[in-house]
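Novice: Quick one: structure below, then a few questions.
Here, each number is a calculation from the coordinates, and none is a lab measurement. From a predicted model like this one, the values you see are computed outputs, not experimental measurements. Note that we place each Cβ from the backbone using ideal geometry, even for glycine, and neighbour counts take in every protein chain shown.
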Amino acid sequence: MEENSEEVADFEIDDVEDEEEVEVESLEQAAIEALSQGDGVTAARALESCCEILRTTDQDGRWPRGIRNLAVTVASEAISYSTHATVGLWAASCGVEMLRIFAPQSPFGAQECGRFFKMVAAQLRRLVPEQSTAEKIALQQARLIVDSLRGFQSVIALVEASVTCVEADEAVVQLVDACFGACRDDLGIGLPDACLDVACLLIAEASGRPDGTPPQLLDAVLATLLPTARAESPVAHEAARLAVLRLQDVLAKPISQFLQACFLLIQADANSSTCTTNKNINNDPPWFLARDQPVIAYALMYELHLISIDLVSPSLRHLGDLMTSEIEKCREAGATLFGRLCADKARHYARFEDIYDSWLRRFVDSSAQVRAHMVKVGLKVATTCGDQILAQQLRTKATERLDDPDHRVRRAAVHAVTDALHQDLTNDEMCMALGARIMDKKPEVRTDALTGLAAIFAKHHEEYALDWIPRLLLRSYSAQCNANTEVQERARLLLDRKVSSCLELAECLDAKADDYAPAFQGLELLLRTHATHQKQLNVYLDKREAIISRDKTKSSSTLFGKKRPSLSDDEDDDDYQELRAELDGAQAALALLVPGSKSGWTRSLTAVKDGKVFKALRIVADASASKTARLEAKTDAISRLSALDTEIGRRVESVADGALDLVVDAEDLRTAMTDKSADITASLVLAVAKQHPSLLVAVGARAIGAYAKTAASQRDETIFVKAAAMAVSALVKADPRSADKMRKSTGTAMINLALEDNDDPFTIESVKHAAEASLILGQEITSRAATFDFSYDTPGLVARLKTLGRIALHCGCDQISECLDEIHNNLIAHGPPEQSNDKKKKRKGIASVFGTASQGQQFSTHFLALRAAIKVQSYAVLGDNDSVPQRWSRLACTLFDILENNGEPPSKAQCKPTERAELRRLAGSQALKLATHHAAFAQGTTPPRWRLLCSLIIDESAAVSTSFGGKLAKLIQSRSDESGIFAKWAPALCLLNSDDSTYLKGVRRSLLIGVRRARAEYARRLAGADNAQEDAIARDLLPEYALPYAIHLLARIYANTLTDPSNGATMAKPVARALTTLFDALTNGLDANAHNVAFLLRCCAEIVASSSSDNTNEHDTRLAAQAADLLKVKYVNTQAALTPFPGNIFLPSSLYPQVSSSSTTGQRLAQNIFTSYDDESSRRSSASIRGIHFGSRVTSASKKKKKRRISDHSFDSDDDFSTSRPLHDRDANSTSRHQSSRILSPISAS
């Protein structure tokens, strides 16, 4: 029975197997048949049933006999490539179950295995968050599939198949990629971790192959780490990063080899050679490197560094080689990559000293582009590295690049430093170095530095002391090198936009700051610009309205087509033409406010018919309107104009920006002046009073009166009182109607302060301003001041003298003549009384009779009184141009006696060397002022006195020479378009010799500006002159006439050098330097065809002839000949320059006697100057002539008429020039007016 029962059991099992085999086989056939008919639903149900049977089949039990056929079917192309999603899902489930059942064997062949796992990868890519029943089932099956692959490590079969099968090898890559993509949290709990485990298992098993990690698999993993992959699929990127971190030990070596191959590829590509030329590269470049290999390789190394430093440490050696490559782009890329690595973990990478030092050396790389890029990288590393020592080292090296020789590096450094300081303003050294770039040679660097500093100030000024930044902006606005450039315009815009209030700007104007003076000059220029724009805009609007009103009047005077007889035709036409001329002038003046524009756009603006535009512009130019209203009016006007013509809108916007007082607004200024800390606004009020009085009118008399009262009661801030007094004066001048109000509110306080008799520093510096305000207010102060006692024993003597000086300047000599005589007799002609101790010290020769200075003062009170007394006499002459000759002649004797006696007081009193130097400085400045402003004094300035005055430029005291040089430079820059100014005073400025290169550059710039102004005025006057006036205009304004004065001056000052026989014909260095400075200014910007050099040579010839006629000026003869040689060597570039100048040449008769017609010796000496070009070249042998060619750059003359105090600054009379004869037979007077104009008109410097 037992035997029978066993047989029955076997039969039952076999019977069951037969039933399952039939079931699996039938389901398989049904699925295949359904797919062949395109019925995916039926096929999916059949596969689902197969999957249920397989799940109940144990690995150690009996298998259905049709299972092997099912494996073939599942991996067939019909199912693998089926477009029905459910078919693939259940086929993948069946295959995974069969892999479990057949483990450790595989039910698939190598190719079938690859095809099957590609299908699994496809199913994982199709997964989406569950929203429907089908999607929910798909997610459940996917979890089962991945769990089975992870639990039974079924992917090992795929790795084994990939050794021999390409399709299986591709499946490995696709499955890893699919697993990375399926690591999404929205797919449910458990699936992401399982997919990551499967991917790691697959990578680890594939890396254990005998031939190592498959390159395609490593490429796929690394490609998923790239930033582009992160942007496309952040989930896959993070999964790949976790996989590499988990498999770090397995992947370290292949990654290192990969990076080495990348660097070799990059270097090979940089050397423009193929990758196969390098024997160290065994594999083709990865697919993702083939597109942009350097950028991607650097990004990949950075991503690997974020995962683990150990992954990239072996490759740092290759990175170091890249940074020392001979190829610029390799060094730049290597420095960038190493900087990115150090940005996160600088302390670790700094341990690689050789590589880190090589990276730091890129700050001084030979390539400017590398240095510029290194500054940016280095500062980013310093910001994020977290190591204070390394960060400070990097900031120091980046700061050094602000002084790089290449302007591109400096500009890049400015940008990088600005970005760093904008985030963290803790490095004062770097901030100050950035501020120094406002004086850079390149304007674009200066512009960027200003922009960066303004941005830093706007963000951090409330936390840090950054008052110096607005002062830098003001300095840049007034700097001569920025005049009429984008830098100046940028500085103005930054001040308007970054300095939020008037009080904020006032707080920055600290009078004790080192850079206060240039900053104050910038503020004055800014306010003057605003005032000019407002004035010109208002004038233009007034003239336009007058024309429109006249047009309306003319149209209304016509009745039924007939003109009313009440108006005279001639009078009407003349008045109308006059209005048109005034409008044309206003249009031209308005156009000049926009650099580089012509007046055509202003005529187009006048023709605009939209009246709202001009109403809005009127508000813009109204200083009393609120800032908000003016900004809205500007916006409205520009929008309306831009709709009509974009060009007009742009031009008008520029004018409107200049007219807007955004920084110093009337309302804000009124608030600041009435604030408790009103003394803070002293510098601001002072600048407004000097340059923008109309703004004070908008502020109002009440606010200014209260401000002046407060100032008069304060006795510790001199500038406060000065600002208040000047504000009162400026307000009354701008608005005379406010005089009564100001007299009532501040008159008493001002006059009491003006008549104080204290000698404290506050009173000494304040009384003159209070006196001027009292005079302008019309108060009776002269009679009270005339009762003062002027002697050295009088209390408050210095203050009384300063008050009287202001009275003298306003009233002249008549009302205070007795006081002037008393001052001369008691203070100037006689010294202070000597004390007993002073007499003993005088005998020893160690003291001054003026006494010792008080604490905090440079000079004693008695010496200050003498200085103030001399100024009073000078102011009295300046205030009365028609003063009696005795008055100005006595003053002239006083001033020039001081200069002749080396600063000795007129009383011959003993004084210190510093006091002598101060007296020379005072006498020189006053004499220069009188010689250029007072006609009678100018005539009394004889040649010896003129030479004495000019010699102050080389005074032994640096303070004297610097001060006098500054006054001369200012005179030449501002008044060289007046008769004789440049010719007589420019030679003195050429004498200046200083070790300060910046100061010398300023002197040369002053000369260039003076030449340009003189030539422009000469061209303007010549345009409307007749033949009889041409010569007079030429000798008054041609800057070339400075040469006779220069030769005369140099020949007297350096007479010993010129007569020294050892020197021969060699010109002394100071003389050569002075003449070269003058010639550089006179020949700058000239066209090659200009006759200026021939004119100068002719001047030299005439001086030789004149000096040789009577043998009285031997030094002039020698120096003129040497000057001609200098001209021919350095400034002659055409044969025409050596052709004798055919026009008239005039020499000052007070310096050179008139040439006699019988003076043949002088004629022959002068004739030798004009040798031929070839003869002169051969005579100098190999010495070459420095040919200078200039383009035709003609500066148009200004049409604006200049007011002049005196018509001529001659030494003796208006006919101070003598006419010299031409050196050839040609008659100079026969030259036509057109030809003479062409010859005499020099090309002005641009």
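Novice: Per residue of the range 176-192, in order, report the coupling 6.51 cos²θ - 1.76 cosθ + 1.60 (Karplus, θ = phi - 60°) as ³J(HN,Hα) in whole Hz, putting x for Gly and Pro.
Specialist: 4, 4, 5, 5, 4, x, 8, 7, 10, 5, 6, 8, x, 7, x, 5, x
Novice: Take the residue pairs 329/459; 690/741; 722/984 and return only those whose Cα atoms are more than 29 Å apart.
Specialist: 329/459; 722/984
Novice: Give me the net charge for the shell around residue 320: Cβ to Cβ below 13 angstrom, other residues only, Lys and Arg +1, Asp and Glu -1.
Specialist: 0
Novice: Also: What are the semi-axes of the equivalent ellipsoid of the range 291-500, taken as the square roots of 5 times the eigenvalues of the Cα gyration tensor, listed largest first and rounded to whole Å?
Specialist: Here the semi-axes work out to 36, 18, 13 Å.
Novice: Another question, if that's okay. How large is ³J(HN,Hα) for each residue in the range 775-788, as worked out from phi by the Karplus curve 6.51 cos²θ - 1.76 cosθ + 1.60 (θ = phi - 60°), to whole Hz, x for Gly and Pro?
Specialist: Rounded to whole hertz, the list is 5, 5, 6, x, 7, 7, 10, 5, 5, 6, 6, 5, 8, 5.
Novice: Here's another thing I want to ask about it. At what distance in nm do the modelled label points of residue 646 and residue 249 sit from each other, each positioned 7 Å from its Cα along Cα→Cβ?
Specialist: 6.9 nm
Novice: Could you compute the net charge surrounding residue 1049? Neighbours are other residues with a C-beta less than 13 Å from the C-beta of residue 1049; K and R count +1, D and E count -1.
Specialist: Residues near residue 1049 contribute +3 overall.
Novice: Among 473-481, 92-100, 847-855, how do they line up by average Cβ neighbours within 10 Å per residue, starting with the highest? Provide the component values of the computation, followed by the final result.
Specialist: Values: 473-481: 22.4, 92-100: 26.2, 847-855: 17.7.
Per-residue Cβ counts within 10 Å, averaged per peptide and sorted highest first, yield 92-100, 473-481, 847-855.
Novice: Give the Debye-formula value of log10 I(q)/I(0) at each listed q (0.13, 0.21, 0.27, 0.29 Å⁻¹), with one equal scatterer per alpha carbon of the range 462-515, two decimals each.
Specialist: So the normalised log intensities are -0.32, -0.79, -1.11, -1.19.
Novice: Taking the Cα centre of the range 344-428 as the origin and placing charges on Cβ (Lys, Arg +1; Asp, Glu -1), which of 373, 398, 423 is farthest toward the positive end of the dipole?
Specialist: Sorting the options by dipole projection puts first 373.
Novice: Let me ask something else. Please give me the summed charge of the neighbours of residue 741: other residues whose Cβ is under 14 Å from its Cβ, Lys and Arg +1, Asp and Glu -1.
Specialist: Values: positive: 702, 709, 737, 743, 744; negative: 735, 740.
Surrounding charge for residue 741 is +3.
Novice: Report, by chain and number, residues whose modeled amide H sits under 5 Å from the one on residue 976, excluding near sequence neighbours (fewer than 5 apart, same chain).
Specialist: none
Novice: A further question follows. Under 5 Å between amide H atoms, partner at least 5 residues away or on a different chain: which partners does residue 1145 have, H built in plane at 1.01 Å?
Specialist: Those qualifying (amide H under 5 Å, at least 5 residues apart or on another chain) are 1220.
Novice: A further question on this structure: When the Cα centres of the range 595-616 and the range 320-366 are compared, how far apart do they sit, in Å?
Specialist: 59 Å
Novice: Step through the residues of the range 1116-1121 one at a time and calculate ³J(HN,Hα) from phi using the Karplus curve (6.51 cos²θ - 1.76 cosθ + 1.60, θ = phi - 60°), rounding each to whole Hz and writing x for Gly and Pro.
Specialist: 3J(HN,Hα) across the range 1116-1121, in whole Hz: 5, 4, 5, 5, 5, 5.
Novice: Would you count, across the range 812-939, every pair of lysines whose alpha carbons are under 24 angstrom apart, provided the pair is eight or more residues apart or spans two chains?
Specialist: Pairs that pass both the separation and distance tests number 13.
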